[in-house]
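A short worksheet on the structure shown next.
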Amino acid sequence: MRAWNKVQIDGKWYIVDCTWGDSVSHKRVFGVYADYEFGLHDWLFVTDDMAKSTHYEPYMYKKINPEWGVSEIVYAPKTADEPLSPYIDMEYNGKVINCEIAAGENQKSRVEQIVSAFADSLEKNKIVRIPGTGIAEYYNVKYQSIEFRFEERCTMSDSLLSSTIKSIVAQHCPTAQTEVFKYDKIVLVIIKP
């Protein structure tokens, strides 16, 4: 068994499944093959209808499989009819970027806009403070990433998508290295400034 949450935003309920949005992939990133944990946003603020074939409310267990037993939870609120997109106003280094490519929009043009805005927001030699268990430590951020989503299927070929993104990054940061990963409707761009 595992769990997920239902959250209420502006009076509407949504499912948030951080486990499914936190996938581990064996990839080559900047020349190093390893298992990388990519925290994607595709399971944030989804609806019951979107999750009905994979997520079962505890009060439904006995109906689905009597061997699972009975849960003490007898009710979970119904979610909104439409998902809430976390991609519309994503913030990167203080800059808000609309990372949702809506149906009917020129996909190549929107990819260029998103990546250009992100490249403009990159901070070279960025240092972050991560509080620990007493003594806070400072870390030099080696990579920065952005994630964007196509509302409908991406019609750009993988090679066109990758070359478009790398070209835009090179215009803004000529010495930066760029990796592009596509997961169905989601694209993750990792940049090493």
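The values are calculated or read from the model by the stated rules, or taken from the named source; none is laboratory data. Remember, it's a predicted structure, so these values are computed and weren't measured experimentally. Counting neighbours? That spans all protein chains shown, and the Cβs are built from the backbone with ideal geometry, glycine included.
Every test in (1) out of contact with any strand residue (DSSP E or B) (no Cβ under 7 Å at 6 or more places or on another chain); (2) within 14 Å of SER121 (Cβ to Cβ); (3) part of a strand (DSSP E or B) is passed by VAL189 save one, and that test is (1).
Does region 105-117 contain any residue that is crowded, with 17+ Cβ neighbours inside 10 Å, in contact with a Ser or Thr (Cβ under 7 Å, 6 or more places away or on another chain) and aliphatic (A, V, I, L, M)? Checking region 105-117: at least one residue is crowded, with 17+ Cβ neighbours inside 10 Å, in contact with a Ser or Thr (Cβ under 7 Å, 6 or more places away or on another chain) and aliphatic (A, V, I, L, M). Being within 21 Å of GLY31 (Cα to Cα), in a loop (DSSP other than H, G, I, E, B), among the polar types (S, T, N, Q) and modelled with pLDDT of 90 or more is a condition met by no residue of region 136-158.
Is region 139-155 home to any residue that is of a type in the set (D, E, K, R) and out of contact with any Lys or Arg (no Cβ under 9 Å at 6 or more places or on another chain)? Please lay out each step first, then the result.
Quick first cut of region 139-155, residues of a type in the set (D, E, K, R) only: 142, 147, 149, 151-153.
Subset that is out of contact with any Lys or Arg (no Cβ under 9 Å at 6 or more places or on another chain): 147.
Yes: region 139-155 contains one or more residues that are of a type in the set (D, E, K, R) and out of contact with any Lys or Arg (no Cβ under 9 Å at 6 or more places or on another chain).
Sub-6 Å Cβ pairs linking a first residue in region 171-187 that is closer than 17 Å to ARG28 by Cβ to a second residue that is assigned to a loop (DSSP other than H, G, I, E, B), at least 6 apart or interchain, are GLN177/PHE30, ordered by first then second residue. Quick check on region 165-179: of everything there that is touching a strand residue (DSSP E or B) at 6+ places or on another chain (Cβ under 9 Å) and surrounded by fewer than 19 Cβ atoms within 10 Å (Cβ to Cβ), which residue is nearest to VAL32 (Cα to Cα)? Residue satisfying both the conditions and the ranking: GLN177.
Within region 176-185, does at least one residue satisfy the condition of being acidic (Asp, Glu), out of contact with any Cys (no Cβ under 6 Å at 6 or more places or on another chain) and at pLDDT 95 or above? Reasoning before the result, please.
If we filter region 176-185 for residues that are acidic (Asp, Glu), which is where we start, we get 179, 184.
Now drop any that are not out of contact with any Cys (no Cβ under 6 Å at 6 or more places or on another chain), which leaves 179, 184.
Next, only the ones that are at pLDDT 95 or above stay: none.
No: zero hits.
Among the residues in region 108-125, are any outside the structural domain of THR47 (by TED's automatic domain parsing), assigned to a loop (DSSP other than H, G, I, E, B) and closer than 28 Å to VAL16 by Cβ? The answer is no; no qualifying residue exists. Whenever a residue of region 92-103 is crowded, with 16+ Cβ neighbours inside 10 Å, its partners that are small (Gly, Ala, Ser), lying with C-beta atoms within less than 7 angstrom and at least six residues away or across chains, give the pairs TYR92/SER121; ILE97/ALA117; GLU100/SER85.
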